[in-house]
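Reading through the structure tokens given below for one structure.
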Amino acid sequence: MNPHFIYNALNSIQVFVLDNKPDEAARYIGKFGRLLRQVLNHSEQSLIPLEEELQALELYVQLEQLRLNVDLQYRIETSAGMDTGTEWIPPLILQPFVENALWHGLSRKQGEKKLHITLSVQDNWLIAEITDNGIGRKQATGKKALAANTTSKGMDITERRIKEYNHTRGIVAIEIIDLYNTSQQPIGTKVVLRIIRKR
């Protein structure tokens, strides 16, 4: 969990209190406390059910929506017959990519904001796709950073975690795809994660 998120979350609570918005402050504190409890519980485990990861992720998105004051269309879809209670993954694998989409792609976008997460299984692999309709990496980070294929520290650490966990050569653990319309204007970003299934 990004330390900046914790600081910003506490700052948001302070703003609600100073603005005399006790209901908003109480709601935020409740969600923040539940998320921290889940993160602390998960930090002691090498694997957690996907179901618990998605619950923590939903709490995180709700907090960021409140903090950033973003009207977000957010949904998670799983493939038919997929049991998120029996699929196991390392904790906090998806969160850094959702954070990146919210902070760098969607918070700076005008108009409709969408975040779509799809999960499916293909043989021995769990495939997670995180798609946003934000401003795109080129506009968010600049041409120089994009050319150097830079990523946030959280994403870089998570990529190493997935590679070590997968322990399989020749498989691209993380793929970042810039999305464009027919006029070659950026219309968002898709991140594809491939995580080996442990049964």
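Taken together, the values in this text are just the output of simple stated rules run on the coordinates, not laboratory data. Treat the numbers as computed from the prediction; the structure is a model and nothing was measured. Backbone-built Cβ (ideal geometry, glycine too); neighbour counts: all protein chains shown.
List of remarks:
- Label-point separation, ASN41 to ARG197 (7 Å along Cα→Cβ), nm: 2.5 nm
- Projecting label points 7 angstrom from Cα along Cα→Cβ for THR182 and THR168 puts them 3.8 nm apart.
- The slack between THR84 and GLN65, meaning 0.36 nm per residue of separation minus the straight C-alpha distance, is 4.4 nm.
- HN-Hα J in Hz across region 121-131 - Karplus 6.51, -1.76, 1.60, θ = phi - 60°, x for Gly and Pro: 10, 10, 6, 8, 10, 9, 10, 10, 10, 10, 10
- A dipole drawn for the chain from +1 and -1 charges on Cβ atoms has a positive end, and of LEU35, GLY188, PRO49 the residue lying farthest that way is GLY188.
- Computed from the Cβ-Cβ distance with R0 of 41 Å, the FRET efficiency linking LEU18 to GLU77 stands at 0.55.
- Membrane-span-like helices in the chain, defined purely by DSSP H runs whose alpha carbon atoms cover 18 Å or more axially and whose average Kyte-Doolittle hydropathy reaches 0.0, are 3-18.
- Gaussian network model of the chain, springs between alpha carbon atoms under 10 Å - residue of LEU59, LEU18, LEU102 with greatest fluctuation: LEU18
- Look at (i) 43; (ii) 39; (iii) 30: the one that is percent of Cα pairs over 25 Å apart derived from this structure is (ii).
- The count of lysine pairs in region 3-196 whose Cα atoms are under 17 Å apart, excluding pairs fewer than 8 places apart on the same chain, comes to 7.
- The chain: antiparallel DSSP beta bridges as a percent of all, rounded to 5: 80 percent
- Each helix, a run of at least 4 DSSP H residues, gives -39500 (n - 2.57); summed and divided by the residues of the chain, these come to -13500 deg cm²/dmol at 222 nm.
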